[in-house]
1. Calculated FRET efficiency, THR60 and LEU183, Cβ-Cβ r, R0 25 Å, to nearest 0.05?
2. Gain in length, LEU208 to THR49, computed as 0.36 nm per residue apart minus the alpha-carbon separation, to one decimal in nm?
3. Measuring from label point to label point, each 7 Å out along Cα→Cβ, what is the LYS158 to LYS144 span in nm?
4. Short version: what are the Cα gyration tensor semi-axes of the range 124-171, square root of 5 times each eigenvalue, largest first, in whole Å?
Amino acid sequence: MKRSIHLIAALSIVLACMAHAKGAGPSKSEITAIESAYRKVDDLTAKFTQVTKIELLDRTVTKKGLFQYKRGGKLRIEYSGKNGKHYVSDGTTLWTYIPGDEASLATFAVDDRSVVPKEALSFLSGFGKLTKEFRVTASDAFGKSPAGTALHLVPRSKRPQYEWLDALFGGDHLLTQLVVKNLSGNTSIYNFKDIRTNSKLPDSLFTLPE
């Protein structure tokens with residue numbers, strides 16, 4: 001469960017490129033544009049595909065789902081398919097469950113670092129303070145001429161839950177691809193599409209149904 005949270009979050013996240021070259025640092029204007037774009041996001045919805053290479057088992061797992069975020073740390077992640085797990089948070093409490101399976105429900109405090117790390121919360125809040133939370137350099141993980149700004153992000157935390165992120169931001173400065181290298185050795189790639197922002201998502205999406 002923790003592994004999945006760390007991969008979205010960030011919305012705890014939030015994703016393989018086993019080898020990549022790290023270039024010179026990106027321009028200040030590029031970073032500022034990304035931070036500014038995310039500070040204007042009140043809510044965000046996107047479909048995603050997650051491809052994870054599990055090193056221990058030497059196999060690849062592909063999943064699809066829906067990601068929704070709202071300012072204040074509100075989060076909803078729905079994995080599709082049979083036994084697709086849902087992650088829902090109102091910013092204070094995190095619930096995980098499989099629809100139709102009452103026994104699968106688990107509840108956590110969002111500030112429990114063992115469940116949702118600080119880096120994931122920073123990611124889910126919209127990359128609003130990139131240089132504060134990460135050491136930022138340019139990334140070549142998405143090819144020599146990616147369509148957007150490619151950043152290699154190493155968490156500044158003394159107790160990180162993953163090694164690094166490679167993030168590709170499109171022309172609107174919103175995330176379109178994300179690569180996550182976990183401490184376990186697993187690597188995941190997330191591709192986001194049909195991204196919509198500021199669509200006035202209701203708070204009821206970010207809590208358990210009554």
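1. Working: r = 19 Å, r/R0 = 0.76.
Rounded to the nearest 0.05, the efficiency is 0.85.
2. Numbers: separation 159, 0.36 × 159 = 57.24 nm, distance 2.43 nm.
Contour length minus Cα-Cα distance gives 54.8 nm.
3. According to this spin-label approximation, the distance is 4.4 nm.
4. Working: eigenvalues 83, 30, 13 Å².
After diagonalising the Cα gyration tensor, the semi-axes are 20, 12, 8 Å.
Each value in this text was obtained by applying a stated rule to the coordinates, not by laboratory testing. Note that this is a predicted model, so its numbers are computed, not measured. No Cβ is skipped: glycine too gets one built from the backbone with ideal geometry, and neighbour counts run over all protein chains shown.
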